Amino acid sequence: MPVDLDYLAPSDVEDAVALRASRPSAAFLLGGTDLLPQMRSGRRSPETLIDLKRIAELHEIRENADGGLSIGAAVPLADVETHPLVLARYPLLAECAKTVGAWPLRQRATLAGNVCNASPAADTAVALLALDAVVNVASTTGRLAMAISELFLGPGQTALMPGDLVTDVVLPGSAAGVRGSYQRLSRRKGMDLATVGVLVGKRDGARPSWRVALAAVAPTPLRVRAAEELLEAKGAAAAREAAELAVAACRPITDQRGSAEYRREMVGVLVRRGVESLG
Amino acid sequence: MKKTITLEVNGVAETAEVEVGQTLLRFLRDGLDLTGTKEGCNEGECGSCMVLLDGRPVNSCLVLAVEADGRTVTTVEGLSKEGVLHPLQKAFLSQAAVQCGFCTPGMVVSAAALLRENPTPTEDDVRKALAGNLCRCTGYKQIVDAVRDAAAAMRSAAEAGSDAGKAAEREEVPA
Ligand code: FES
Ligand code: FES
């Protein structure tokens with residue numbers, strides 16, 4: 001770590017954004033579970049850390065008028081996965097959050113951090129994609145909202161501009177009540193990134209809506225709309241066809257966690273099982 | 001760059017000047033001589049550096065000392081009271097859940113955090129809570145058994161305590 005590293009802990013969002021703008025080589029710090037190891041290995045070398053955890057607004061989980069929830073950027077994953085409203089309305093988000101790292105790591109790691117880090121294997125990103133989440137962003141030019149579907153560009157890359165501060169992640173009321181499963185393969189049950197992650201969800205109603213999203217099998221977390229539309233037209237009986245569409249949509253690589261062939265094969269198996277369990 | 005921090009460690013108020021890049025782990029070990037907390041991987045993978053920060057289990061190698069300003073820290077040294085071991089420490093000894101001992105402080109701290117939240121953990125609960133603590137020696141079985149033994153011991157102590165409390169109340173009632 002550089003000896004001249006500076007640390008600031010502003011108490012509101014506007015101050016944090018202004019500080020960041022005045023220090024081009026600064027980085028925002030949330031849980032630090034990704035940033036600190038990246039700094040130690042030299043992959044990132046900010047000269048100033050702007051800690052966002054002293055900003056009260058960022059620690060809130062708020063209920064919105066549409067029946068949705070806003071989850072502040074500094075809320076640790078451990079609080080997301082146990083929050084009664086998250087469990088009642090967005091159980092798949094809780095399920096995905098629980099698979100990140102291990103319990104102590106999730107006392108520090110945040111939803112916003114997991115999103116900004118833009119790992120193709122980010123477990124929570126899969127849930128957020130499937131649930132049509134929106135991220136609220138503050139910058140020197142004001143505040144704006146960005147659909148999560150537009151956020152991920154590639155491994156470690158997002159559509160956020162340098163200096164953009166994600167204040168909260170919003171789950172819309174229209175996605176409340178989506179139920180299903182997140183099936184995740186990894187080499188060990190705790191503390192390992194997903195080799196393959198498959199979320200299949202369904203929201204019951206006169207016209208049930210389906211969600212299919214994948215982790216660790218493409219440069220970004222992936223939502224497979226074609227499979228969802230097929231299931232909406234034909235129901236769970238089309239599990240095999242939906243699985244084929246998901247296999248066709250993924251673009252896995254071979255790495256130490258698994259080969260591309262294995263990942264593709266598992267996407268097919270897990271999507272089929274996920275759909276059948278909701279049939 | 002240096003910053004001054006004030007925090008409570010094992011019930012004692014501490015004020016110190018620390019480098020911004022210094023981890024809470026290094027501060028505890030080098031600054032306060034609390035060497036029970038171990039440095040294994042220094043990147044959040046092994047859990048040997050586990051401490052409680054405001055009561056929550058955290059990997060102290062992933063926390064900067066400056067981030068702990070104004071907070072409360074409990075290390076393994078803070079679990080025993082006046083030379084009397086914590087029930088978890090006793091159970092680790094009686095179950096022989098310790099071989100080289102390097103992972104033990106982290107295991108005990110994670111387990112202490114678990115038992116605060118859940119006094120009646122199942123084997124699965126214990127395994128999930130300790131999933132971020134690696135042990136290269138024991139094979140984990142004795143560790144899981146020790147945590148469940150400690151939970152049972154703490155429950156019966158609490159019951160005995162509340163019975164004693166009730167007895168004391170009864171005695172205070174004027175005849
Ligand atoms: S030293 Fe902190 S997790 Fe290994
Ligand atoms: S007893 Fe040696 S690492 Fe656990």
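Checked against the criterion of being within 25 Å of A:Arg54 (Cβ to Cβ), assigned to a loop (DSSP other than H, G, I, E, B), free of Cβ contacts under 8 Å to residues at least 40 places away in the same chain and open to solvent by 40 Å² or more (accessible area, probe 1.4 Å), the stretch A:97-108 has no qualifying residue.
For the stretch A:161-170, state whether one or more residues are under 13 Å from the mean Cα position of the chain (by Cα) and either charged (D, E, K, R) or within 14 Å of chain B (Cβ to nearest Cβ) (or both). Yes, that holds for at least one residue. Determine whether B:Thr6 is among the β-branched types (Val, Ile, Thr), more than 17 Å from the chain's Cα centre (by Cα) and farther than 30 Å from A:Arg188 by Cα. So B:Thr6 passes the test.
For A:Cys116, the conditions (1) away from chain B (no Cβ under 14 Å); (2) closer than 18 Å to A:Leu30 by Cβ; (3) open to solvent by less than 40 Å² (accessible area, probe 1.4 Å) are fulfilled apart from (3).
A quick yes/no check of all residues on (1) among the small types (Gly, Ala, Ser); (2) under 19 Å from A:Thr82 (Cβ atoms); (3) within 16 Å of ligand 2 (Cβ to nearest atom):
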residue	(1), (2), (3)
B:Pro57	no, yes, no
B:Val66	no, no, no
B:Thr75	no, no, no
B:Gly78	yes, no, no
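Selection of the stretch B:45-67 for residues being under 14 Å from B:Phe102 (Cα atoms) and either out of contact with any Asp or Glu (no Cβ under 8 Å at 6 or more places or on another chain) or more than 9 Å from ligand 1 (Cβ to nearest atom) (or both) yields B:Cys46, B:Gly47, B:Met50.
Evaluate the following for A:Asp51: is it within 11 Å of another protein chain (Cβ to nearest Cβ), free of Cβ contacts under 8 Å to residues at least 60 places away in the same chain and among the acidic types (Asp, Glu)? Explain how you work it out, then say what you get.
Numbers: within 11 Å of another protein chain (Cβ to nearest Cβ): yes; free of Cβ contacts under 8 Å to residues at least 60 places away in the same chain: yes; among the acidic types (Asp, Glu): yes.
Taking the combined requirement at face value, the residue satisfies it.
Output the residue which, of all residues in the stretch B:26-51 that are buried (at least 24 other Cβ atoms within 10 Å of the Cβ) and more than 16 Å from ligand 2 (Cβ to nearest atom), is nearest to B:Lys3 (Cα to Cα). Break it down stepwise before answering.
Initial filter on the stretch B:26-51 (buried (at least 24 other Cβ atoms within 10 Å of the Cβ)): B:27-28, B:37, B:44, B:47-51.
Next cut, more than 16 Å from ligand 2 (Cβ to nearest atom) only: B:27-28, B:44, B:51.
On the way: B:Phe27: 13, B:Leu28: 16, B:Gly44: 24, B:Val51: 22 Å.
Looking at residues that are buried (at least 24 other Cβ atoms within 10 Å of the Cβ) and more than 16 Å from ligand 2 (Cβ to nearest atom), I get B:Phe27.
Mind listing whichever residues of the stretch A:20-48 are hydrophobic (A, V, I, L, M, F, W, C), in a helix (DSSP H, G or I) and open to solvent by less than 50 Å² (accessible area, probe 1.4 Å)? Before you say what the answer is, go through the steps one by one.
Going residue by residue through the stretch A:20-48, those that are hydrophobic (A, V, I, L, M, F, W, C) are A:21, A:26-30, A:35-36, A:39.
Okay, now just the ones that are also in a helix (DSSP H, G or I), so A:21, A:35-36, A:39.
Residues satisfying the conditions are A:Leu35, A:Leu36, A:Met39.
Consider the stretch A:54-64 and keep the residues that are more than 14 Å from chain B (Cβ to nearest Cβ) and touching a helix residue (DSSP H, G or I) at 6+ places or on another chain (Cβ under 8 Å). The one that is nearest to A:Thr167 (Cα to Cα) is A:Leu58. Candidates are the residues of the stretch B:95-110 that are under 17 Å from B:Arg148 (Cα atoms) and part of a loop (DSSP other than H, G, I, E, B); the one that is nearest to ligand 2 (Cβ to nearest atom) is B:Val98. Given the options B:Lys2, B:Lys38, name the one that is more than 10 Å from every other protein chain (Cβ to nearest Cβ) and either out of contact with any helix residue (DSSP H, G or I) (no Cβ under 8 Å at 6 or more places or on another chain) or within 16 Å of ligand 1 (Cβ to nearest atom) (or both). Criteria check complete, one pass: B:Lys38.
The single condition among (1) over 19 Å from B:Leu28 (Cβ atoms); (2) within 14 Å of another protein chain (Cβ to nearest Cβ) that B:Val66 does not meet is (1). A Cβ distance below 7 Å, combined with a sequence gap of six or more or placement on separate chains, defines the contacts here; from the stretch B:97-115, residues that are open to solvent by less than 10 Å² (accessible area, probe 1.4 Å) and within 14 Å of ligand 1 (Cβ to nearest atom) reach residues that are in a helix (DSSP H, G or I) and at pLDDT 95 or above in the pairs B:Met107/B:Ile143; B:Val109/B:Val76; B:Ser110/B:Ala129.
Of the numbered criteria (1) outside any helix (DSSP H, G or I); (2) surrounded by 19 or more Cβ atoms within 10 Å (Cβ to Cβ), the one A:Gly67 fails is (2).
Of all residues in the stretch A:96-113, which are over 16 Å from A:Asp192 (Cα atoms) and within 14 Å of chain B (Cβ to nearest Cβ)? So that I can check it myself, show each step before the final result.
Within the stretch A:96-113, the first condition is being over 16 Å from A:Asp192 (Cα atoms), and the residues that meet it are A:107-108, A:110-113.
Matches in the stretch A:96-113: A:Gln107, A:Arg108, A:Thr110, A:Gly113.
For the stretch B:1-91, please list each of the strands (runs of 3 or more DSSP E) lying entirely inside it that holds at least 2 residues being not β-branched (Val, Ile, Thr). Outline the logic, then answer.
Details: elements: B:2-9, B:12-19, B:50-53, B:56-59, B:72-74.
In the stretch B:1-91, the matching strands (runs of 3 or more DSSP E) lie at B:2-9, B:12-19, B:50-53, B:56-59.
The values are calculated or read from the model by the stated rules, or taken from the named source; none is laboratory data. Source: prediction; values computed, not measured. Glycine also receives a Cβ, built like all others from the backbone with ideal geometry; neighbour counts cover every protein chain displayed. Just so you know, the surface numbers come from the protein's heavy atoms only, side chains and all, with ligands and any DNA or RNA stripped out. Shrake-Rupley method; radii C 1.70, N 1.55, O 1.52, S 1.80 Å.
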